[in-house]
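Contents: one structure, followed by commentary.
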Amino acid sequence: MSESPTEGTATDASTERAAEETPGDDEERSEIVLEVENLRKEFGALVAADDATFDVERGTITGLIGPNGAGKSTIFNLISGFYEPDAGTVRLNGDDVTGIEPYKIANKGLIRTFQTPRKLEGMTVREAMLIGPQRQPGESFHKLFTAPGAVGERERANMADVERILEEFEIDHLARQPATDISGGQMKLVELARAMLAEPEILLLDEPVAGVNPTLANKLADQIRRLHEQGTTFLLIEHDMSFIMSLADPIVVLDQGSVLMEGTPGEVRTDERVADAYLGGGGV
């Protein structure tokens, strides 16, 4: 997919989410971040999502796997608002976000990446990072004149966040490189780093190591583990079974748009239904 990800706001979105919470929210939000219930999407005669139902618990790296055509990318597009479902419900922290615009879902804390990050022409890596935060006051022509101090303060804060995250991801040496000159694997690191500017409640990664060399794939895995240890919740699509089995627990297996089973990596590897659906009986 070549679409550009819709990112959430870093400071504003997290502040807005915090302001909306009540004292009882922490207990209610402590376990389930994302609920997918009976999600259905048809494209003519093709049923791409067939009453798919699963949850993502806070603090997990949840894997979403299945053979080609199983409906993984469709599910991601339905969850993140790029497709409108024919039926079913998506809830984020208990709030119904079914079919609302992607940027509104992002502002509620669900951020996603795409299989193929878009390289931004005419921008350095640092500048590409700076487009991540949404609802920046400098985007308003009116506020450029009525609140120049607030605009400048936000831009300085955004720049400080970008420099910090680039350093944390060990890609600060790329900051001045044209975004079109870095490798696909480096771009995926940049995309993951940019997503963290939104301080996501849950981060959806769509094939983060597809087409990435083993060295950068290992670096991406290390960064995902680091972010997970810091509290980020992930939902992850990946065809590289060794990669996803080493990171994810639990794993949700899709087949023909439906959830076939959910379990630990060990349970998935030894489930005969998964072997039959995924590799024609050859094992996982």
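The values are calculated or read from the model by the stated rules, or taken from the named source; none is laboratory data. Just so it is clear, the model here is predicted, and its values are computed rather than measured. Cβ sites come from the backbone with ideal geometry, for glycine too, and all protein chains shown count toward neighbours. Each accessible area value is taken on the protein alone, full model and side chains, heavy atoms only, with ligands, DNA and RNA left out. Shrake-Rupley method; radii C 1.70, N 1.55, O 1.52, S 1.80 Å.
Restricting the calculation to alpha carbons of segment 183-284 gives Rg and Dmax of 14.5, 42 angstrom. Here the label points at Met159 and Arg273, each 7 Å from Cα along the C-beta direction, are separated by 5.6 nm in the simple model. Measuring r between the beta carbons of Glu84 and His173 and using R0 = 45 Å, the FRET efficiency lands at 0.60. Only protein heavy atoms count here; on that basis, with a 1.4 Å probe, Met129 has an accessible area of about 0 Å². For segment 214-266, the spread of Cα coordinates along the three principal axes comes to 32, 26, 20 Å, biggest extent given first. Taking label positions 7 Å along the Cα-Cβ direction at both Arg58 and Glu37, the computed distance is 1.9 nm, reported to one decimal.
For Lys104, a cut-off of 23 angstrom between C-alpha atoms picks up these lysines, skipping any fewer than 8 places away in its own chain: Lys41, Lys72, Lys143. Model label sites at Tyr103 and Arg91, defined 7 Å from Cα along the beta-carbon direction, differ in position by 2.8 nm.
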